[in-house]
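All of the numbers you see were taken from the coordinates with simple rules; none came from a lab. On a predicted model such as this, the values are computed, not experimentally measured, just so you know. All Cβ positions, glycine included, derive from the backbone under ideal geometry; neighbour counts span all protein chains shown.
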Amino acid sequence: MKITIVGGGNIGTQFAVHCAEKGHEVTVVTSKPEVFCKHLTIVDENGTVTHEGNIFHATSDPVSGYEYADFIMVTLPANMMKACADEVFRCSKKDAIIGVVPGNGGSECAFHRSIERGNTFFLLERVPAIARLVEKGKCVKSTGYRGELHISSLPSTKAQKCCELIEGIFDIPCVSIPGILNLTMTPSNPILHTTRLRTIFDDYHDGIVYDRIPLFFEDWDDKSSRLLLDCDEEVQEICQALPGLQYVKSLRDHYESQTVEAMTRKLSSIPAFRGIGTPSVKVEGGYIPDLHSRYFTADFSFGLSIIQQIGAFAGVKTPSIDATMDWYEKIAVETKSFRYSDYEISSREKFLFFYQR
């Protein structure tokens, strides 16, 4: 197949290697094509090459990136999805398969024109493995490959075909999840990242400088776990109030941690999470939060905000989610955010109609 990977970061590089290794003709659409080598590698935690392959080329030109692609895999942060979707619609084939990972952020709305003209569209619930660039355009470290991947599609009849496609690339079993809203509501980064950031920087305002910033996961504490579980419980309440959301897995179950203390032990000890820093910027006297990081700009405005809006459609009160969004909006440096109303979805009825396809 002719496969285009959109995004040259951690996950985009990981996908490009696996696709190229399987013999597909791979194009990477990236803002910095000049840094990409033809030969890309994946290494494990010991630096040993585990996967490698040669891509066809890297480009910043959407026409050459999309016009011949049979399959387009988008790995961009959610706040860049609308612009990407517009370019894909303009430049790609009507029968191209379009996928997005991870499966939240409202991308199904961003790509609505491609979906309406007949493109198969799917969401991959979570990334296949934790990925961290070793050298941009050359090498990425991938650890903690999942034992199973979950996919949902629009139209729903194409889900099995999409599962077979991803399974053939990663050699990981893929399961079709009915109802794409199940993946939109998956409480991964939109809950995990946002609650942790709020507890780390709860007292932040202009002029505050921190002597030390804790590691994101290895220094995880009970305060973070408590807020995480409160928000996760609200997500489950939303799922109970709407039809067809029985596949949204609670983070309690996903991390096999039913209590605050158990969640803290779990998240602080996952090997694949070791060494992950908290988004911050070094300034005179210490550190401040990096408010331009996608942990902020994507996971709040295009993650937790979506869950909050779905809660409103469902008629469910979400005090912990609301308080976390209120905290973020007081310190946010970017105002762009996802709004269902931008897609003429302004009621429970219109919301359910959009997703029941």
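Sort 207-214, 319-326, 99-106 by the packing proxy (mean of other Cβ within 10 Å over each peptide's residues), most packed first.
99-106, 319-326, 207-214
About its Cα centre, how strong a charge dipole does region 2-180 have in debye, to the nearest 20, once Lys and Arg get +1 and Asp and Glu get -1 at the Cβ?
Values: 18 positive and 20 negative charges, 62 e Å.
That gives region 2-180 a dipole magnitude of about 300 debye.
In deg cm²/dmol and to the nearest 500, what is the mean residue ellipticity at 222 nm of the chain if only DSSP H runs of at least 4 residues count, each as -39500 (n - 2.57), divided by the residue total?
My calculation for the chain gives -10500 deg cm²/dmol from helical runs alone.
In the chain, what cysteines have no partner Cβ closer than 4.7 Å?
Result for the chain is 19, 37, 84, 91, 109, 139, 162, 231, 239, no neighbouring Cys Cβ within the cutoff.
How would you rank 335-344, 295-304, highest first, on the average number of other Cβ atoms within 10 Å across their residues?
Highest-to-lowest ranking by the protection proxy: 295-304, 335-344.
Given the convex hull of the Cα atoms of region 2-180, what is a quarter of its surface area in nm²?
Average of the hull's projected areas for region 2-180 equals 8.7 nm².
Hull surface divided by four, with the convex hull built on the Cα atoms of region 189-355: how many nm²?
On the way: hull surface 40.5 nm².
Projected over every direction and averaged, the Cα hull of region 189-355 covers 10.1 nm².
Within region 290-313, list the residues whose amide N lies under 18 Å from a label point set 7 Å along Cα→Cβ of residue 350.
306-313
Out of residues 5 or more away from residue 43 or on other chains, whose amide H comes under 5 Å of its own, with H placed 1.01 Å from N in the peptide plane?
Excluding prolines and chain starts, which carry no amide H, the hits are 50, 140, 141, 142.
Semi-axes of the chain's equivalent ellipsoid from the Cα gyration tensor, sqrt of 5 times each eigenvalue, largest first, rounded to whole Å?
Over the Cα atoms of the chain, the semi-axes work out to 30, 26, 20 Å.
Just the number, please: percent antiparallel of the DSSP beta bridges in region 2-180, rounded to the nearest 5. Show your work: numbers first, answer last.
Values: 14 of 40 bridges.
Just about 35 percent of them are antiparallel.
Express as a percent, rounded to the nearest 5, the fraction of DSSP beta bridges in the chain (both residues included) that run antiparallel.
Taking every DSSP beta bridge within the chain, about 40 percent pair in antiparallel fashion.
Kindly write out, for region 12-26 in residue order, the coupling ³J(HN,Hα) from the Karplus curve 6.51 cos²θ - 1.76 cosθ + 1.60 (θ = phi - 60°), rounded to whole Hz, with x marking Gly and Pro.
x, 5, 4, 4, 4, 5, 5, 5, 5, 4, 8, x, 7, 7, 10
Tell me, what ³J(HN,Hα) does each residue in region 310-318 have, in order and in whole Hz, if you take phi through Karplus 6.51 cos²θ - 1.76 cosθ + 1.60 with θ = phi - 60° and put x for Gly and Pro?
Once rounded to whole Hz, the list reads 5, x, 5, 4, 7, x, 9, 7, 10.
If the viscosity is 1.306 mPa s and the temperature 10 °C, what Stokes-Einstein diffusion coefficient in µm²/s follows for region 242-287 when Rh is the Kirkwood radius over Cα pairs?
So the translational diffusion coefficient is about 116 µm²/s.
Just need log10 I(q)/I(0) for region 71-147 at q = 0.17, 0.22, 0.26 Å⁻¹, Debye formula, equal scatterers on the alpha-carbon atoms, no solvent, rounded to two decimals.
-0.70, -0.98, -1.16
How large is the charge dipole for region 204-357, taken about the Cα centre, if only the Cβ atoms of Lys, Arg (+1) and Asp, Glu (-1) carry charge, to the nearest 20 debye? All intermediate terms of the calculation are to be shown ahead of the outcome.
Numbers: 17 positive and 24 negative charges, 82 e Å.
In debye, rounded to 20, region 204-357 gives about 400.
Cross-link candidates for residue 94: which lysines have Cα within less than 24 Å, leaving aside residues fewer than 8 places away along the same chain?
Hits, sequence-local ones excluded: 2, 82, 158, 161.
Given points 7 Å out from each Cα along the Cα-Cβ axis, report the residue 148 to residue 233 separation in nanometres with one decimal.
With each label point 7 Å from Cα toward Cβ, the separation is 2.7 nm.
Residue by residue through region 203-216, what is 3J(HN,Hα) from phi via Karplus (6.51 cos²θ - 1.76 cosθ + 1.60, θ = phi - 60°)? Round to whole Hz and write x for glycine and proline.
Values, residue by residue: 9, 6, 7, 3, x, 6, 10, 9, 5, 9, 10, x, 4, 5 Hz.
Give the aspartates and glutamates reachable from residue 330 as a straight Cα distance under 13 Å; neighbours fewer than 8 places away on the same chain don't count.
Here the aspartates and glutamates satisfying the reach criterion relative to residue 330 are 202, 203, 206, 322.
In whole percent, what relative contact order does region 48-175 give with Cα contacts below 8 Å and a gap of six or more residues?
So the answer I get is 17 percent.
Given charges of +1 on the Cβ of Lys and Arg and -1 on the Cβ of Asp and Glu, with all other atoms neutral, how large is the dipole of the chain about its Cα centre, in debye to the nearest 20?
In total the dipole reaches around 680 debye.
Name all residues of region 79-112 having a backbone nitrogen under 13 Å from the label point set 7 Å from the Cα of residue 339 along its Cα→Cβ direction, giving them as ranges.
none
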